[in-house]
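Notes to accompany the following structure.
None of the figures in this text is laboratory data; all of them are computed from the coordinates on show. Just so it is clear, the model here is predicted, and its values are computed rather than measured. Note that we place each Cβ from the backbone using ideal geometry, even for glycine, and neighbour counts take in every protein chain shown.
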Amino acid sequence: MKALIGLTLVAMLLADQPRKVLLFYTENGLAKWKAQMNALEGHRKDILERDIEIKSFPYSKRNAQEWHRWELDTANAFTFILIGRDGGEKLKSSEVVTPDKLFGLIDAMPMRKQEIKQNP
């Protein structure tokens, strides 16, 4: 019983964390970053519905710590990373990720399935 209560509490805490799309790019990756932002731009409702926070990290001294945290280097001009509510990396790509692929991946996650059941 205690384990069940503990799991419920952990699930509740994780549900408060947004999913994150982290976009890393160098000057050479600027075109892919723009393409990625344009691809997501028309899907604001879908992004809000899935509680996705989008953050961009152009390479700079100020953002170097984030690049290091995700084990990236400037040899990759563009990197897309999806982080789940649990803080784990769910997808990493050096190519632009389509909204269909992003939303399909999220919608297949157990926590998202539970969200859909609770809020049809």
Can you tell me which residues in region 38-62 are within 16 Å of residue 23 (Cα to Cα) and part of a helix (DSSP H, G or I)?
38, 39, 40, 41, 47
Within region 63-81, track down each residue that is in a loop (DSSP other than H, G, I, E, B) and farther than 12 Å from residue 93 by Cα.
63, 70, 71, 73, 74, 75
Test residue 96 against the criterion of being surrounded by 14 or more Cβ atoms within 10 Å (Cβ to Cβ), within 12 Å of the chain's Cα centre (by Cα) and hydrophobic (A, V, I, L, M, F, W, C), and give yes or no.
no
If residue 86 satisfies every condition in (1) in contact (Cβ under 8 Å) with a residue 24 or more places away in the chain; (2) closer than 17 Å to residue 33 by Cβ; (3) part of a loop (DSSP other than H, G, I, E, B) but one, which is the exception?
(2)
Which residues, taken from region 73-93, are under 19 Å from residue 59 (Cα atoms) and crowded, with 19+ Cβ neighbours inside 10 Å?
78, 79, 80, 81, 82
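For every residue, the table says whether it meets (1) touching an Asp or Glu at 6+ places or on another chain (Cβ under 7 Å); (2) charged (D, E, K, R).
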site: 52; (1), (2): no, no
site: 57; (1), (2): yes, no
site: 61; (1), (2): no, yes
site: 73; (1), (2): no, yes
Inside region 66-93, can you point out the residues that are aliphatic (A, V, I, L, M) and within 14 Å of the chain's Cα centre (by Cα)?
81, 82, 83, 91
Determine the pairs where a residue that is under 29 Å from residue 67 (Cα atoms), located within region 94-120, has a partner that is part of a helix (DSSP H, G or I) and among the hydroxyl-bearing types (Ser, Thr, Tyr) with Cβ atoms under 8 Å apart, the partner being 6 or more residues away or on another chain.
none
